[in-house]
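**Q** Let me give you the structure first, and then I'll get to my questions.
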Amino acid sequence: MRMRSTKHGVPPSLSRACLSVLSLVACGMWLALAQEDTAAKPQLPQLPKVARPPAAQPQVGLATDAHLNKTPPRETKGLDLVKLGWTYNCMECHKLLKQPRWHYDRPMVEHQDVKLQHGNNRFCLNCHHPTNRNAFVDYDGSEIQEADVVLLCAKCHGTTYRDWQAGVHGRQNGYWNKEMGESTKLRCIQCHDPHHPAFQPMKPLPPLRYPPRAAGGSARSSGESGTHP
Amino acid sequence: MSDAPKNIVSPQTIEQVYKPMNRRTFLKGTAGAMVGMAGLVAALKPLLALEKGEISLDDLLQKHYRQLSPEDLQRIMTMLEKRCEKQYGVRPTIQDLKPMDGVQFGYALNLTRCVGCRKCAHACLAENNQSRDYDDDLSMSYIRVLEMNKGAINLETSTAYYDPELVPQKDKYYMPVQCHQCKDSPCTKVCPVQATWQEKDGIVVVDYNWCIGCRYCMAACPYDARRFNYQKPTIKPEAINRNQDYLSNRIRPKGVVEKCTFCLQRTRAGKYPACLEVCPTGARVFGNVLDPNSEINYILNNKRVYILKEDVGTLPRFYYYFDV
């Protein structure tokens, strides 16, 4: 067996990790492709190492506003899969899986970390494209590119999408006055995880200490309380 | 405080008070003199500050903001920049952005979205150079986030001191309160020296060099939107935002009132206010009410907004709404 990555001088530990990945994948493939796979058993599929593509996120807000923390609530993952330190493009595996499946009557062997809690939206292929996993699917079966993921959500959340377009659902950053400068909108998945979209609770920033300064100032850390009128 | 004292008791008047010298009038006279002297001392206190170099003669003789010629204002702003560099170690750029034509600001806040994370209140500090005793000192922030019990809009059972592990908490909702920039603003009416007024675009501003620190405006405000500088503002050099405006976020002198200006140093340059920029939920909507296509008008046209304490009748430019 020959692996492409050894060309780049990968240490043995890594290639061992790689091996285990391959066997894992093979296992999955075997289950999924049950019949076809039996003959081709010794020839494991070769998976080139792919760099994780930079998250397709537009810049949030203005560069001059470094003093304001505009980090979106959620970091998007993008359409690639990291397993045991390796990055796979969706199609690396899925080109081998001929038949997309709508329904599983057993636990899936792959993607077990994806627990879909999206209300009545219970099918992976409501969103993911059946033949091109690097894209999402529109109602008419055409592809929605990853960068246009908002259109995917718009399929089912029309009213919210309308608000989003008007700039009142989700967040706009930059210029309110469109003649004076650009504004950016956060995309849906920068706030909602598509697989369990309910907005996640977060830790609040430190509160006002009691009592506030005007009331006598024991909130002062310096200890010189009550010196002012 | 740094404003020119108007009725200094002249030595002559004091002399007149205790001219005919009998015991009775003597006593009366000394009492009068004492009061007079006290008044004199108080009135001359700025001179002491002048002596110490905390303020300059210019400060004492400065006119009201609206009577300043552009050259005078430019000179004053340069002077303030220099002083800030001397006292805080950072040289800001202070500008004087004027209201834009055809613009009146409006702000709406979606209470269904808000989770009470306080990012807005802290961003307010980062933007507006408020005095801080420690890094996270929210006491001078223009925004108070109130935790409210579901079921009513009852400010009396609300608290600003909540600190759970995670927000939002069950059975609670959160209401950030800041200056509502009222059209019929009580705070500007009560000011005895007209140091605070409403500008053409609806923003209520304070001329910190004209404010005498009487705090009438704070008492008049139904929304607890004003803060007072009891002490000389303390702020770390690295925390200072250099983009400053004369009427907004320049570092304030001691003894003056300050307030939210919808970040006019940003919004008059076309940008969103700082509190909106950081809101993780997108609960805040800001824009020009006179522009029919603005986001704020979308809210006013399509959502059912309400006004906090509408009954006090101050006609705020700040709206709350619930939205599924």
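The values are calculated or read from the model by the stated rules, or taken from the named source; none is laboratory data. Keep in mind it's a predicted model, so treat the numbers as computed, not measured. Reconstructed Cβ throughout: ideal geometry from the backbone, glycine too, with neighbour counts over all protein chains shown. For accessibility, only protein heavy atoms count, side chains too; no ligands or nucleic acids. Shrake-Rupley method; radii C 1.70, N 1.55, O 1.52, S 1.80 Å.
**Q** How well do other chains shield peptide B:164-173, expressed as the mean number of their Cβ atoms within 10 Å of each residue Cβ? Walk me through the numbers before you get to the answer.
**A** Numbers: counts 4, 3, 5, 5, 4, 2, 0, 0, 0, 0.
The mean count of partner-chain Cβ atoms within 10 Å per residue comes to 2.
**Q** Moving on. With a 1.4 Å probe on protein heavy atoms only, work out how much accessible surface A and B bury together, total over both chains, in Å² to the nearest 100. It would help to have the intermediate numbers written out before the result.
**A** Numbers: alone 16440 and 16830 Å², together 28820 Å².
When A and B are taken together, about 4400 Å² of accessible area is lost.
**Q** Counting only C-alpha contacts under 8 Å and six or more residues apart, can you give the relative contact order of region B:120-191 as a whole percent? Kindly include the intermediate steps, with their values, before the conclusion.
**A** Numbers: 70 pairs, mean separation 20.4, N = 72.
Reported as a whole number, the value is 28 percent.
**Q** Sticking with this one: How large is the charge dipole for region B:222-271, taken about the Cα centre, if only the Cβ atoms of Lys, Arg (+1) and Asp, Glu (-1) carry charge, to the nearest 20 debye?
**A** For this selection, approximately 80 debye.
**Q** Going Cα to Cα from A:LYS115, which aspartates and glutamates come in below 16 Å? Please leave out same-chain ones fewer than 8 positions away.
**A** Cross-link targets: A:ASP105, A:ASP193.
**Q** Ok, one more. Given the peptides B:206-219, A:172-185, A:91-104, arrange them by the average over their residues of other C-beta atoms within 10 Å, most packed first.
**A** The most tightly packed comes first, giving B:206-219, A:172-185, A:91-104.
**Q** On to the next question. Using a 1.4 Å probe over the heavy atoms of the protein chains, calculate the carbon and sulfur portion of the accessible area of region B:94-248 as a whole percent. Please report the intermediate quantities before stating the final value.
**A** Details: 2890 of 5650 Å².
Answer for region B:94-248 is 51 percent, counting heavy atoms of protein chains only.
**Q** Exceeding 31 Å between C-alpha atoms, which entries from my cross-link table qualify? They are A:LYS95/A:LYS155; B:LYS63/B:LYS119; B:LYS150/B:LYS232; A:LYS77/B:LYS259; A:LYS178/B:LYS86.
**A** In this structure, B:LYS63/B:LYS119; B:LYS150/B:LYS232; A:LYS77/B:LYS259; A:LYS178/B:LYS86 exceed 31 Å between Cα atoms.
**Q** Just checking the output field for B:282-288: average partner chain Cβ neighbours within 10 Å of each residue's Cβ? Could the numbers behind the result be given before it?
**A** On the way: counts 12, 2, 3, 7, 3, 5, 2.
Shielding by partners across B:282-288 averages 5.
**Q** What residues in region B:223-256 lose 20 Å² or more of accessible surface when the other protein chains are added to their chain alone (1.4 Å probe)?
**A** Residues losing area: B:TYR230, B:GLN231.
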